[in-house]
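As structure tokens, the structure follows; a few thoughts come after it.
The values are calculated or read from the model by the stated rules, or taken from the named source; none is laboratory data. Treat the numbers as computed from the prediction; the structure is a model and nothing was measured. Every residue, glycine among them, receives a Cβ derived from its backbone with ideal geometry; neighbour counts consider all protein chains shown. Heads up: the accessible areas ignore ligands, DNA and RNA and are worked out on the full protein's heavy atoms, side chains in. Shrake-Rupley method; radii C 1.70, N 1.55, O 1.52, S 1.80 Å.
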Amino acid sequence: MTKRKINHIPYDKLKKYIEDESMTESLMARADEIRRANYGNKVYIRGLIEVSNICKNNCYYCGIRRSNDHVNRYRLAKDEILRSADFGYGLGFRTFVMQGGEDPSFSRYFVVDAIREIKNKYPDTAITLSLGERSYEDYKAFYDAGADRYLLRQETSNPDHYAKIHPKEMSLAHRQECLYNLKKIGYQVGGGFMVDSPYQTTDDLIRDIRFLEDLEPDMVGIGPFLVSHDTPFKDFKDGSFTKTLRMVAILRIVFPYALIPATTALGTINPKGRELGLKAGANVLMPNLSPAKAKKSYNLYDNKLNTGLEAAEAKKSLEKEIASFGYQIVTDRGDVRDKN
Ligand code: 5AD
């Protein structure tokens, strides 16, 4: 595997960058320059298909946690997934992201089948999976069926912090093992975390960056923690928007080659979130291609952006808006640039 260029930032500097509000603009300017040097003004788009909101996990922060009885649970049928892909392909999407809760009845065979069908029909597309922790054998079968990338946020890299935001049956060690398994199999791998999740300290964020430096991820997805009213963390506060922008910028500086999305959570917390996310060094947008019932019921947090420009249908207006910020949406698989 190629050794990638990583810009290690020493502890004291990193701490200042994370905590000091007055650093936001200069960090964003530097990150934007680095992004331009690696990717020009190109923005890659991914068609997000929210395949299931059924989840066996009970993460304290997440709106689709197992114990939340106020969720209309759904699982897309294979033909619904395929129709979303057909629709997206027509709009110019060349990456599809199948994202879902850890749904035990999403069998290996079902997922393999869906991947094969999309890949047979659209060989020029990339398939990204975001289906949580699965066995090595499942990951391998998905990869052999044609999946290219896998997103699995580590959420935090401090085991004590991990234990404060997840129930005992989940462990950071297992999550990290999954990430290394995915790398070993050959996936382009994405990690990430929430900014300002309950009990998170600056040292935790620094540890996340150190963990990612070791993992050398192809993709890094982050967003602010956002309150979900049906969870044990309902009384915490939403994360800081500007700290999240600084974190996006820091990630671009540390990982110049990486694919970094301006996430839905960033667009939810601030109306200019996705624009400023791009200006802070992000180079990926993930509009939602899911059928209406999925869009309505896939709520990890409150007030999720779900009308307007995050919808894939709005690709034309999105293109225009992105162009007005000085970026260009491309019809391309948008693989990671490995040249550095
Ligand atoms: N606020 C922000 N992000 C959340 N996620 C889950 N719940 C929340 C929340 N309340 C993020 C997690 C998960 C990703 C799919 O969504 O980081 O990995």
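When cysteine pairs in the chain are screened for C-beta atoms closer than 4.7 angstrom, the residues that find no partner are Cys55, Cys178. Using Cα-only point scatterers and the Debye equation, what is log10 of I(q)/I(0) for the chain at each q in 0.14 Å⁻¹, rounded to two decimals? The Cα Debye sum returns log10 ratios of -1.16. Farthest toward the positive end of the dipole of the chain, out of Leu91, Ile253, Ser290, is the Cα of Leu91, where the dipole comes from beta carbon charges about the Cα centre.
Probe radius 1.4 Å, ligands and nucleic acids ignored: give me the carbon and sulfur share of the accessible area of the chain as a rounded percent. The nonpolar share, carbon plus sulfur, comes to 51 percent.
Largest GNM mean-square fluctuation among Ser84, Ser67, Ser105, using the chain with Cα springs under 10 Å: Ser105. Accessible area per residue for segment 44-131 is 38 Å², calculated with a 1.4 Å probe on protein heavy atoms, without ligands, DNA or RNA.
What the Kirkwood sum gives for segment 69-118 is a hydrodynamic radius of 12.2 Å, with every pair of different alpha carbons counted. The helix-based estimate of mean residue ellipticity at 222 nm for the chain, built from -39,500 (n - 2.57) per DSSP H run of four or more residues and divided by its residue count, is -12500 deg cm²/dmol to the nearest 500. Estimated translational diffusion coefficient (Stokes-Einstein, Kirkwood radius over Cα pairs, 4 °C, 1.567 mPa s) of segment 27-179: 75 µm² per second.
Sorting 14-22, 124-132 by their mean Cβ neighbour count within 10 Å, with the most densely packed peptide first, gives 124-132, 14-22. As a length-normalised measure over Cα pairs under 8 Å and 6 or more apart, the relative contact order of segment 11-97 settles at 31 percent.
Charging the Cβ of each Asp and Glu at -1 and of each Lys and Arg at +1, and nothing else, the dipole of segment 228-274 about its Cα centre rounds to 240 debye.
Listed by chain and number, the lysines whose alpha-carbon sits under 29 Å from that of Lys293, ignoring those within fewer than 8 places in the same chain, are Lys56, Lys78, Lys119, Lys121, Lys234, Lys237, Lys272, Lys304, Lys315, Lys316, Lys320. Ligands, DNA and RNA are left out, and with a 1.4 angstrom probe the accessible area of segment 219-334 is 35 Å² per residue. Measure out, as a whole number of angstrom, how far apart the alpha-carbon centroids of segment 93-165 and segment 12-79 sit. Comparing the Cα centres of segment 93-165 and segment 12-79, I get a distance of 16 Å. Contact order for the chain, expressed relative to its length and based on alpha carbon pairs under 8 Å spaced 6+ residues apart, stands at 27 percent.
Grouping the Cα pair distances of segment 1-91 into 5 Å bins from zero gives a pair-distance distribution of 2, 9, 10, 10, 9, 11, 14, 17, 12, 3, 0 percent in increasing distance order. The charge dipole of the chain, taken about the Cα centre with unit charges on the Cβ atoms of Lys, Arg (+1) and Asp, Glu (-1), comes to about 520 debye, rounded to the nearest 20. With all protein chains kept in place, the per residue accessible area of segment 134-207 amounts to 38 square angstrom at a probe of 1.4 angstrom. Please identify, among Pro256, Pro291, Pro217, the residue showing maximal mean-square fluctuation in a Gaussian network model of the chain using a 10 angstrom Cα cutoff. Per the Cα network of the chain with a 10 Å cutoff, Pro291 tops the list. Taking Lys and Arg as +1 and Asp and Glu as -1, the other residues whose beta-carbon sits under 10 Å from that of Phe106 total 0. Restricting the calculation to alpha carbons of segment 112-174 gives Rg and Dmax of 15.1, 45 angstrom.
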